[in-house]
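The values are calculated or read from the model by the stated rules, or taken from the named source; none is laboratory data. Fair warning: this is a prediction, and the values are worked out from it, not measured in the lab. Virtual Cβ from ideal backbone geometry, glycine too; neighbours counted across all protein chains shown.
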Amino acid sequence: MKIALVSPYDYAYPGGVVSHISHLYEQLTRMGHSVKIIAPCSTRKGVTLSEDVITLGRPVPIPSGGSIARATLSPALSSPVRAILERENFDIIHLHEPLGSTLPLTTLRVSQSVNVGTFHAFHGEPRGYRIMRPFVMRWFKKLDGRIAVSKPAMEFISKCFPGRYDIIPNGIDLEHFSADVPPIESFCDGKLNILFVGRMEKRKGLRYLLAAYKQVKKEFPNSRLIVVGPGARREYERMVRRAKLEDVVFTGYVSDEDLPRYYKAGDLFCAPATGEESFGIVLLEAMAAAKPIVASHIEGYASVMSHGIEGLLVPPRDEQALATALIHLLGDKSLRQEMGARGRFNVEKYSWQNIARRVMDHYNSLLDGS
C-alpha cells in the first residue's frame, strides 16, 4: 500500500504531532508499506531528513492553544501538491489536523485518493473552527475516514464538524522508555526526585508545581525537583529565587536519547497542566518507565490514567492539592512502586505496534468499503 502522511507542522522541530507522524511512518514502513511524509520544514542545523520526507511550504510561528505552532500559511501550494500526488499515486492520504493549516487543507482539496484525517487538538472552545466552518465544510466532507486521538479531541472537533470518528490514541515507544539505562548520575545521591517534563509554557502549569514544591520541601527536605524541557524559563527561575527554594534543577532541552535516563532518576512524575491537552504523551512516557504520576485532573490526562491506579489526579491550578498528593506519594515508597508497576502494565496497549495495527485496520476498512 502507498501511504502519504501529511503534517501541518514544521518537521524540523519536535512536537507531539510530528512525533506521532514519525513513529507511525516507522511502524507502517516495517509492516512493508511504502510511506512518504509531506510536511513543511525549516532549515535547522543538525536536522537530517529521510528521503521519504517531501518538504513543502515555509513554516511560520503561529500562537495556538497556549502554545506556538510552526505551520505553513502559504496560499500557493495547489500546483506543487497536485504534482506530488499525481507522481506518487497514493492509495491512502492520511492528513494530521487536516483543517489546521494550508498544506493539509490544500492536499485534501486536490486529493483523488482515499482520505483519512486525524484530529489531535483540544483547546476548550473551538472558536477558530467556528470561523472556518463555512469555508472548509465542503473539504471536510472529502474525509473518508476520521480519527481522534482521544475522547476530548473528538468532542472538540465534533462541536463544529459532527460525524463519525474512530478514537485511536497516540502511541509510545515502550522499548525506548522502559530500557535498562543508567539514571543521570548527578541525581543519584539519595534525594527523592520529582520529575517534570514539558515546554516552558503557562498551560503546562509549572508555576503551580513550584508553589506546591515549596510545601513539599518543608515536609521532605531531602527532595529535589528536576525540570526538563525547552523554552523561556526566566520567570520560573525568578519564582525559585523569590521563594528561596533549593534543589530545583532546570535542565533545558534534553535529547530523546537521554530522556529515559531522567525518567529513570525520578521517584515520581508530575504533570500539572492547566488544560488544553487532548492527550498525555508524557504520562505514557512515565508509565513506560514504571514511574507513579501526580497529574492535573483534566480531560486529556484522565483519558490516559485513572486516579488511584497509575497515580493521583488533582484539580488543576490547585497548588495545595498538588502538594498534598506529592507529599502523600513521597512518603509511601511501596505505593509508588505499586502505581509504577500498574502503569507499566497498562501502557502496553499504547505501544506503537498496537496503534499502527489499529490505523492499518482503519485504512483497510475504507479501502474495502466496510
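Structural remarks
- Matching residues in region 71-91 - criterion: being at pLDDT 95 or above, of a type outside the set (A, V, I, L, M, F, W, C) and not in a helix (DSSP H, G or I): ASN89, ASP91
- Among the residues of region 78-103, just one is of a type in the set (Val, Ile, Thr) and more than 25 Å from GLY16 (Cα to Cα), namely ILE84.
- Taking every residue in region 316-338 that is at negative phi and pairing it with any residue that is outside any helix (DSSP H, G or I) and small (Gly, Ala, Ser), at least 6 positions away or on another chain, the pairs with Cβ-Cβ distances below 6 Å are PRO316/SER296.
- Where helices (runs of 4 or more DSSP H) sit wholly within region 241-309, those with at least 1 residues that are under 17 Å from VAL227 (Cα atoms) and over 14 Å from the mean Cα position of the chain (by Cα) occupy 259-265.
- Applying the condition of being at pLDDT 95 or above and on the phi < 0 side of the Ramachandran plot to region 247-256 and asking which residue is surrounded by the most Cβ atoms within 10 Å (Cβ to Cβ) yields VAL248.
- Hits in region 142-151 (condition: touching a residue at least 60 places away in the same chain (Cβ under 8 Å) and either surrounded by fewer than 23 Cβ atoms within 10 Å (Cβ to Cβ) or outside the structural domain of LEU95 (by TED's automatic domain parsing) (or both)): ASP144, GLY145, ILE147, LYS151
- For region 343-359, filtered to residues that are touching a strand residue (DSSP E or B) at 6+ places or on another chain (Cβ under 9 Å) and part of a helix (DSSP H, G or I), the residue that is farthest from ASN115 (Cα to Cα) is GLY343.
- Checking each residue in region 212-243 for being small (Gly, Ala, Ser), farther than 19 Å from SER296 by Cβ and modelled with pLDDT of 95 or more picks out only SER223.
Residue by residue, here is whether (1) under 20 Å from the mean Cα position of the chain (by Cα); (2) crowded, with 21+ Cβ neighbours inside 10 Å; (3) free of Cβ contacts under 8 Å to residues at least 12 places away in the same chain holds:
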residue: GLU175; (1), (2), (3): yes, no, yes
residue: GLN215; (1), (2), (3): no, no, no
residue: VAL227; (1), (2), (3): yes, yes, no
residue: ALA232; (1), (2), (3): yes, no, no
residue: TYR236; (1), (2), (3): no, no, no
